[in-house]
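Here's the structure, in C-alpha cells; my notes come after.
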Amino acid sequence: MFDQKTYSNRRTRLIEQLGEGLVLILGNVDVPMNYRSNTYRFRQDSNFLYFFGLDQQGLAGLIDVESGEEILFGNDVTLDDIIWMGPQPLMSERASMVGVGRSEPFDRLADKLSAAKAKGRKIHFLPPYRAENKLLLDQLLGINPSKQQENASVELIKAVISLRSVKEQQEIDEIERAAEVAFLMHTTAMKMARPGALEHDIAGVVEGIAIAGGGMLSFPLILSVRGETLHNHSHDNKLEKGQLLLVDGGAETAMHYATDHTRTFPVGGKFTQRQKEMYEIVLNAQIRAINEIKPGVAFRDIHLLAARTIAQGLKTIGLMKGDIDSAVDQGAHALFMPHGLGHMMGLDVHDMEDLGEDYVGYDEEIKRSSLFGTGFLRLGRRLQQGFVLTVEPGIYFIPALVEKWEQEKKFTGFIDYDKVKSYLGFGGIRIEDDVLVTENSFRVLGRPIPKTVEDIESMIH
Ligand code: GLY
Ligand code: MN
C-alpha cells in the first residue's frame, strides 16, 4: 500500500472535480468458484484500490463531495473469522491506514444512502461489472442491474479517468517492479521453447513466476503456437520445429499494478527465412510507432503509422499491392492486423476498461473509427505526460477471415489472395512493450526483453 497521504490526496482531487452529491466506490467481494467457501483468487476493484488502497473483500467507501466527510464501510471480524483467517486489523485501523476518519459496519451504508436519497441528493457510482455488486447496487439504490450502466455517473467516470490516466512516479516504479517479473516470465518461456515441449508445461512455469513475484498474472496467459488466434488461452499443443510460439503475458504486483508484453519466437531458437521476413516487418512497425510517442500526438495517428508500416512491408514481400495509404484508409491491412495498436495500462492491464473504452481512449476531438480493425483501437486520443500504454502491432494469418474476405472479393486491388493462402498455417506474430509518455518523449518501461532476431536467437541457444 502507498502512504495514507496518497489516498487522501487522490480523494481530495476527485472531490475538486465534482460539484455535488455523494461518491460511492464499492470494493469487490469473494466470489465462489464451485461452492460458497471455495472462492476464486480475490481481486480487489481497481477504482477502490486507487482511492481507498485496501485489498480486503467486503468494503465500500463513501465520500460526501459537499461536506468532505469520508466513511469506510465494512465489518470487523468475529472470533470465528479469526480462527480461520488469523487476527485482522479493526475497521477503524484499516480506515486510518488510508487516511479515512470514520468507519462504520457495512449494513449502515444502506441507511446512509437512503437518507441522502430522501433529501434528493445525487449519488455518483461507477458502472459495476460483477454480478455481486450489481445486486448490491440494486439493493442500495433501487436501480435494476439492466439500468445501472446508463445510470452510472458520467461526471464521476470522467473525473476518475482524468486522475488514473496520469501515473504518479510511485505508480511507475510499481509497474517497473512488475516488469522485472515479466522479464523472467518471457525469457524463461523462450528458453523452454524446445521441440517436443508442451505448451501447458511452459504456461505453468510462466504463471508460477508471476505468483513467485508476489502477485499474479495480470490477465489469463496467452501462450500458443496458434498465435493467429488473438487471445488464445488454450495450451494444448506440443511444440514442433518450424513453429512460432506467441507468448502474451503480464505480471501484476502485490499492489496490482500490471505489465503486458508479447514476444513471438521460433521453437528451437532459429527463425526460418520466411518467419524472419515477417518478424522484421512487425518489429519495424513497433519500433517506428514507439519512436513517435510524445505528449500531444494522437495515438490513433501512431496506430495508422504502424498499420501503414505493416502494409508497406507486406507489399514488399508480395502479399499486399497498390497504394498503401489508400489501403490503410480503407482498412485492407486489417486482414493481417485486425486489432488496435495498444491500450492504457496501470492498475488494470486494459486500464479503466470497466469505466467504458470510449471514455478512456477517445474524446470530443478524436472519435472511434467504424472500420473493421481500426475500430478495435482502444486508445485514439492525444497522449499526455504520465500516460502508460502498450504498443503491440501484429501480423496474423487467420484462415476463416482470409476465406471470408476472398469469397467476398474484398480489397482485391490491395491483397494478393493466392500469395496470402500460401501462408495459412504460419500462425501469428505480435510484439508488445509498455511505454511511459515523458515530458517530451517516451520511455520503454522495464528491463528490455529480447526482441531483435539476433537477441532472441542468442537467448534461446
Ligand atoms: N495482452 C492482451 C491484450 O492486450 O488484449
Ligand atoms: Mn496488450
Extreme residue, nearest to ligand 2 (Cβ to nearest atom), among residues of segment 333-383 that are among the aliphatic types (A, V, I, L, M), open to solvent by less than 10 Å² (accessible area, probe 1.4 Å) and more than 15 Å from the chain's Cα centre (by Cα): M337
Any strands (runs of 3 or more DSSP E) falling wholly within segment 11-118 and containing at least 2 residues that are modelled with pLDDT under 95 and within 21 Å of D351 (Cα to Cα): none
Meets criteria (within 30 Å of F48 (Cβ to Cβ), modelled with pLDDT of 95 or more and either touching a Ser or Thr at 6+ places or on another chain (Cβ under 8 Å) or open to solvent by 20 Å² or more (accessible area, probe 1.4 Å) (or both)) for H303: no
Per-region count, segment 376-416, residues closer than 13 Å to A332 by Cα, part of a helix (DSSP H, G or I) and not acidic (D, E): 3
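Let's see how each residue does on (1) buried (at least 17 other Cβ atoms within 10 Å of the Cβ); (2) over 28 Å from the mean Cα position of the chain (by Cα); (3) more than 14 Å from P338 (Cβ to Cβ):
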| site | (1), (2), (3) |
| --- | --- |
| I395 | yes, no, no |
| A400 | no, no, no |
| K404 | no, yes, no |
| F426 | yes, no, yes |
| E432 | yes, no, yes |
| L436 | yes, no, yes |
| E439 | no, no, yes |
| G446 | yes, no, yes |
Matching residues in segment 314-332 - criterion: being assigned to a helix (DSSP H, G or I) and open to solvent by less than 10 Å² (accessible area, probe 1.4 Å): L314, A327, V328, A332
Residue tally, condition in a helix (DSSP H, G or I), under 17 Å from the mean Cα position of the chain (by Cα) and farther than 20 Å from I209 by Cβ, over segment 167-184: 2
Residue among L230, L305, L245, L283 that is free of Cβ contacts under 8 Å to residues at least 40 places away in the same chain and either assigned to a helix (DSSP H, G or I) or under 30 Å from Y40 (Cα atoms) (or both): L305
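Here's the yes/no breakdown for (1) within 16 Å of ligand 2 (Cβ to nearest atom); (2) farther than 19 Å from M352 by Cα:
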| residue | (1), (2) |
| --- | --- |
| L217 | yes, no |
| I222 | yes, yes |
| G242 | no, yes |
| G250 | yes, no |
| M255 | no, no |
| R263 | yes, yes |
| K270 | no, yes |
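The values are calculated or read from the model by the stated rules, or taken from the named source; none is laboratory data. For clarity, every value in this text was computed on a predicted model and none was experimentally measured. For neighbour counting, all protein chains shown are included, and Cβ atoms are generated from backbone atoms with ideal geometry for every residue, glycine included. With ligands, DNA and RNA removed, areas are computed over all heavy atoms of the protein, side chains included. Shrake-Rupley method; radii C 1.70, N 1.55, O 1.52, S 1.80 Å.
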